[in-house]
Structures are given as C-alpha cells and as structure tokens.
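These notes concern the structure reproduced below.
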Amino acid sequence: MALDYASLEPGQSISNTEFEVDVSLVSAYVDAVGDESGIFDPDDSPSLVPPMAIAAQSLKTVLDELAIQPGTLHAGQEIEFTKAVEVGERLSCRATVGQNSVRGDWRFLVVEISTGNASGQGVMSGKSTLMVPVAAS
Amino acid sequence: MASSYREGDKLPTVERLITQERIQRYAEASGDFNPIHIDPGFAALSQFGGTIAHGMLIAALVSEAMAVGFTRDWVETGRLKLRFRAPVKPGDRVATFGKVKRVREADGGSEIVCSVGVSKPDGESAVTGEAVVRART
C-alpha cells in the first residue's frame, strides 16, 4: 500500500534500522564517487569509512522506509560528523519527520537522521530536505 | 592535526567528470535508484529533460575536498550545510570551490568556517553552502 505522505507528522519515527559498513560497501562507494583523497582506502587496516558514505547509507534507510516516489528531489542536506567510523563497524540509524509541508506542486519533507555505533556513540546526524511531487504524494 | 588555514585562504579543489556510468555506480553503492537519476526514458519527461546526478554524489565532492584539507579532523568534527541549486547532468565536469570565512579559537584548537560549493562548466553553482571543521592543535 502506498504511503500517505500527508499523514506524516513532525516527530514521527520513520526508521530505526542497522547496517554494517563492510569492505564491499566502502569499496563500491569510493569507486562510485571517485574519491582520490587517499584517506579512505578500504584495503588499509584499520580503514576509515568516508563520512558521506555513512550519510548515504543512513539516507537509504529513509528512502526505503518512505518508499520514496519517482521524481523526488533532494533539495538540501545538513550533516554533522562526530566520530570516525572504521570499516566493519555496525551502525544504527534512527530517522524522524522534521517538517512536512506543501508549497505549490511539491511536498517538502524534512527528515532528521541520527546514526550511532555499537557502543551507542553518535557518529553522524543530519537533516535531509526532500521535495516529493504532490501528485505522487 | 593543526590547521594552518587563515581567513581568505582557498580550500583544495576536487574536479570530477560526472558520467551516466558514475551515476549508475552511485545508485548501486547508495541504494538510491530513483529513476530521475538512472532511467533516461523517465527523466526525459521531467523538468530536466534527462537524468541528473544524485545530490549526495555531488555533495561527496565537497566532503572529499574538506577531507583533503583537514584529514581526520574533517571525519571526526565536520559539519556541512548544503543547498542543491541546479542539476548536474551526465557529461558535466564539475569542480568544488571553497574559501575560509572565519577562524576562531575553540577548545584547544580552532573552528574554521568555510564557504563551499560545486560549480558546473558554465559557471553555475550546482551546490552552495557552508562547512565547519574543528582543527586540533
């Protein structure tokens, strides 16, 4: 059943999931973005995870839960990194609705994301602004 | 790592050619298969007239530039606030830009506030925003 985006209220939980940042995930991410910084080599030991890879995986949990509609646009992104993550760590991600409003043909969904490690320490938090076509929402 | 950045200093630049292949690989790495990014038929009927890159793919270039400039300090303390202003299309060669706006003492180090963004070949800014990093002494 399609999600009724209009019913999403600020503070409402969207997702509470876990994922592992394993070598294959980090390798695929570094390859996809073409990162040439030399800081995030998955073959290093220990190897740092690019913080934006954590942000992307965290956002994925939101997109999955919202069954986001084709044509949805990403209008803005705030991110704060608070702790380095090494390859192989398991992270948990919680997302809630920040704002939900309609302007013209678009629904503006602001999603607040908080991601932590297995010790309960926060590693990243963020706020994603998504523009969902009203016709699809 | 101590930072030698001063107000007005330019940040490292990251340049990248955005191809449909790269967009596809990013979709697979991030799990974001929105057809606006990967389905030319769907995207042709959109307001963009064709596929566009994921905002988070372009944002990753800003993070890469910050990682080059501030290494682990960026990974552990970075803050990013971005607006996605214009679409990046396959074939666009984009480049990050950034400049130190302010440096202030903070908790045994310095907090460095930068204006950042990504420009397209025609000079239009695809992304603009602010990045903040706490550099330890």
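Please pull out the direction-averaged projected area of segment A:56-137, using the convex hull of its alpha-carbon atoms, in nm² to one decimal place. Intermediate results must be reported in sequence, preceding the final value.
Values: hull surface 22.1 nm².
Taking the Cα atoms of segment A:56-137, their convex hull projects to 5.5 nm² on average.
Mind jotting down the distance between the C-alpha centroids of segment A:25-87 and segment A:89-120, whole Å?
Here the answer is 15 Å between Cα centres.
Work out the length of the dipole vector of chain A about its Cα centre, built from +1 on the beta-carbon of each Lys and Arg and -1 on the beta-carbon of each Asp and Glu, and round it to the nearest 20 debye. Write out the running numbers ahead of the final one.
Numbers: 7 positive and 19 negative charges, 132 e Å.
Once rounded to the nearest 20, the dipole reads 640 debye.
Which entries in the list A:Lys60/A:Lys127; A:Lys60/B:Lys10; A:Lys83/B:Lys99; A:Lys60/B:Lys101; A:Lys60/B:Lys81 go over 21 Å, if you measure between the two C-alpha atoms of each?
A:Lys60/B:Lys10; A:Lys83/B:Lys99; A:Lys60/B:Lys101
Taking a ≥ b ≥ c as the square roots of the eigenvalues of the Cα gyration tensor of segment B:54-112, is the shape rounded (a/c under 1.5), prolate (a/b larger than b/c) or oblate?
On the way: a/c = 2.63, a/b = 2.30, b/c = 1.14.
Note, shape of segment B:54-112 comes out prolate.
Could you work out how far helix A:51-66 tilts from the main Cα principal axis of chain A, as a 0 to 90 degree angle to the nearest 10?
So the inclination is approximately 30 degrees.
With θ set to phi - 60°, apply the Karplus curve 6.51 cos²θ - 1.76 cosθ + 1.60 along segment B:10-24 and write out the HN-Hα couplings as whole Hz, x wherever there is a Gly or Pro.
Here the 3J(HN,Hα) series is 7, 8, x, 9, 10, 10, 7, 8, 9, 10, 5, 5, 5, 4, 4 Hz.
Could you state, as a whole-number percent, how many of the C-alpha pairs of chain B are farther apart than 17 Å?
Numbers: 5544 of 9316 pairs.
So the portion of pairs separated by more than 17 Å is 60 percent.
What translational diffusion coefficient, to the nearest whole µm²/s, does segment A:1-127 have by Stokes-Einstein, given a Kirkwood radius computed over alpha-carbon pairs, a temperature of 4 °C and 1.567 mPa s viscosity? Don't skip to the answer; put the middle values down first.
Numbers: Rh = 15.6 Å.
This corresponds to a translational diffusion coefficient of 83 µm²/s.
Please list, ordered by chain and number, the residues whose modelled amide H lies under 5 Å from the amide H of B:Phe97; skip anything fewer than 5 residues away on the same chain.
B:Gly117, B:Val118, B:Ser119
How large is the dipole of segment B:1-69 about the Cα centre if only Lys and Arg carry +1 and Asp and Glu carry -1, each at its Cβ, rounded to the nearest 20 debye?
Details: 5 positive and 8 negative charges, 23 e Å.
Once rounded to the nearest 20, the dipole reads 120 debye.
Distance between Cα centroids, segment B:79-135 to segment B:1-51: provide it in whole Å.
14
If I histogram all Cα-Cα distances within segment A:7-69 using bins 10 Å wide from 0, what percent of pairs lands in each bin?
Per 10 Å bin, starting at 0, the Cα pair percentages come out as 19, 44, 23, 13, 1.
Which FRET efficiency, nearest 0.05, do B:Arg136 and A:Arg90 yield, Cβ-Cβ r, R0 30 Å? Could you put the intermediate results ahead of the total?
Values: r = 28 Å, r/R0 = 0.92.
Working from the Cβ atoms, E equals 0.60.
Relative contact order (percent) for chain B, with alpha-carbon contacts under 8 angstrom and 6 or more residues of separation?
Working: 292 pairs, mean separation 43.2, N = 137.
With pairs under 8 Å counted, the relative contact order is 32 percent.
Given labels modelled 7 Å from the Cα in the Cβ direction, how far is it in nm from A:Asp22 to A:Asp105?
Simple spin-label model gives 4.2 nm for this pair.
Bear in mind that the values in this text are calculations on the coordinates, not laboratory data. From a predicted model like this one, the values you see are computed outputs, not experimental measurements. Positions of Cβ are generated from backbone atoms using ideal geometry, with glycine treated the same way; all protein chains shown enter the neighbour counts.
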